Amino acid sequence: GEVPEATQSRGLGSPLYLIPTIQKALKTFRHRMEADVEPTEAELQRGVHVERVYDFYDVADGRIRIRKMFGDVIHSRKPTDKAFSDTDSSTASCSGSSSDTDDVKVTPTESEFSSNQGSNQGNAVVIRRSLTTDFERVTLWAVMVGRLLHTRVLDFTAYGDLAVVKRRIHCVTAPATSVGGSRGYKILPSLAQRARIVVRQAELLSRQVGRNLQDAFDSEWEADGVALLEHLFSSEYIDTLVLLGSAARKIFKAQPVLPEVEAPSKIFGDLHGQFRDLLLLFHSFGFPNGARGSPVFIFNGDFVDRGVHSLAVVGTLFALKVAYPERIILVRGNHEDRAMNEKYGFRDECVELLGEGFGIRVYDSIHNAFDQLPVACLVEKKVLIVHGGIGDGLWTLGDLRSIRRPLGLDELGAPENQWIVNLLWSDPIEEDDGRMQGVFGVHASPRGHNASCFAWNVTKTFCARNGVGLIVRSHQSKQDSVGFSVMHDNMLIRVFSARDYEGHGNDGAILVIRKIAHPGTGDDLLTIRPQVLRSATKAGNEELLRRFSALRKAPEGGECEPSMTQTERLAAQRAQRRRSEIFRSKRRSAGSTEAAIDVCGEEPLFRGRIKKLKVGHDPMHRASWFERDAWLTRSGCLAYLSKRENSAVPLLTRSELLMAQVTPLPNGACARPWAFEVRIPSMGAGAEHEEVIYYAACSEELRTEVVRELRNVQRLAGQEAGL
């Protein structure tokens, strides 16, 4: 069992001998993970290729890594009765077995309906002809007819409508010129200079935020609201915001309702007032500069609401639009709407930061611009970008170009404009959603607003009829997701840019569109590559797990740095169990804030999302509430886990709960539904007074549960104390 002396003399008996072999294996593995697959035949026909890798930026180390897509982001139909199979059993994305003598190869058109998620172009995809479903037959015929109708020979109406719209835009924009040589709007040089100063301030701030390797939630960012506005828009920030809103409205009005841009392009999803995330995305993947040949930045709606920095977000986007009118495209979302803003916080933020009079003035100026926003964007005539979805898919690009603006509440409420509402509100149906298996066509949406949900066949038929190769939409955040997902046979992509949105623990993502020449055919090909900013929630949980693992590996009785408190140790154990559950269900997240448990090590009586009103704020202002994953212990402490300090932070202490009165509130009494108040009597200045703390749950059932458990703890604690 001893190593020969000759081997030892050459160093072969040392573990260092294995280092070159390990390095070579790691290099090979890294190359395979970073390598993209060849475009499929269907993608070559459409002229759009969705890369099977994405860029991943971690704030903690400031580096971009390349990761491969797996089944958690690529959704495909699960073939029934083994209708589809793949002869290459080594392909991870296919679960079928090899074909037998009854199987036949399909044509490239039929291969679009396969569940292949990324096999090489040479892989043979086969189908049992006798088991092809009626839905696939109907869709195949619809796609063939749609392609036929889209040809120049038959689609005279679309080309006629396009010529009329272009002529109308030319007549409107001919008299004036704008900054940067664009036609149709005239911006004063002083205002253009002010917009460039705002852009410069935002760029410097993005560098400052990016250099800080200590990540944080946008809601916990130390930047004060008014101080941030002064930093970005100068001490005259109210006038600057009004002027930027007015200038942006003129530019939107002069530009077409369906802007058409060239690649390269970058597409941002929902931002929802999370300004720090926007700055981090700029720092990580590039800041817009407006130069010819630089990427066109497209922001796909929902700039405001729910976040605490909506004014900073929309003001910066308007400044970018005024500074680079042809290189910045803003697309309307369902939250660029007065009714939504009054309900979800943007109007309250304007009034709170700017005062009643000036706040309403800025709010109206911004909404006048929102009413002129385009509702879609077209990249290289192949990629259609809408905020929500395509609804029933019965409209055409010509219908988009003929939309009349402004689009206010009255215009969107008209019955004939219901299809426009679906551009903002509709959702796709994921093929592998277990609750929606076999769903075909268009269905009512649970969102209301007469919105609809559309299946994969609607997407394929719409794309064929309009000559589009891909649809990009936003509008939806998914729990623990990487910020994007691919579905409907790689013809629809969801992108969402706000990290940790509403406690979802999701990454933020953008999409990059590039134009290349295919090496095999020489034809132009658009490539789509996601770029992902890591979630602060996932980073915090991974740090807890790392520290817990280091402690477990430490020798008994030895020192180990960094040390952990009892709370952190218990939190790490729960996070580790949570991560195991996620891996078993093929989810790639490291867990969520369910890692948080009580300081005493007790099993929580209650755990869920709780909103709390900030101290001294008006309960009727939605922006004055913050939301956390909270838990209630048997000892009577309602707390949450702080990601910044890695420690438990009490929302309600045992001593406060012991003397408190817990009362549910009717909906409408606060800005948040399902609210309840906790009245705590105390003594001050010789007179009795009460402190009132407002909380809100995420549902009626959750409020009932937490109120019941709080009262039970009160009763038991009172019995122990003899009260």
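Here are some notes:
- For region 368-507, the Cβ-based charge dipole about the Cα centre amounts to some 420 debye (Lys, Arg positive; Asp, Glu negative; other atoms uncharged).
- Region 340-427, Cα convex hull volume normalised per residue, Å³: 119
- Region 289-347: C-alpha pair distances exceeding 13 Å, %: 62
- Out-of-range pairs (alpha-carbon distance over 31 Å; input K68/K343; K321/K382; K382/K538): K68/K343; K382/K538
- The ellipsoid equivalent to the alpha-carbon distribution of region 418-481 has semi-axes of 18, 16, 13 angstrom, derived from the gyration tensor eigenvalues as √(5λ) and listed largest first.
- Globularity index of region 321-472, i.e. its alpha-carbon radius of gyration over 2.2 N^0.38 Å: 1.16
- Neighbour cut-off at most 15 other Cβ (10 Å), DSSP loop, GluC sites (Glu not before Pro), region 207-242: E222, E236
Every read-out reported here was derived from the displayed coordinates using simple, explicitly stated rules and does not represent laboratory data. The model shown is predicted, which means the values in this text are computed figures rather than measured ones. Virtual Cβ from ideal backbone geometry, glycine too; neighbours counted across all protein chains shown.
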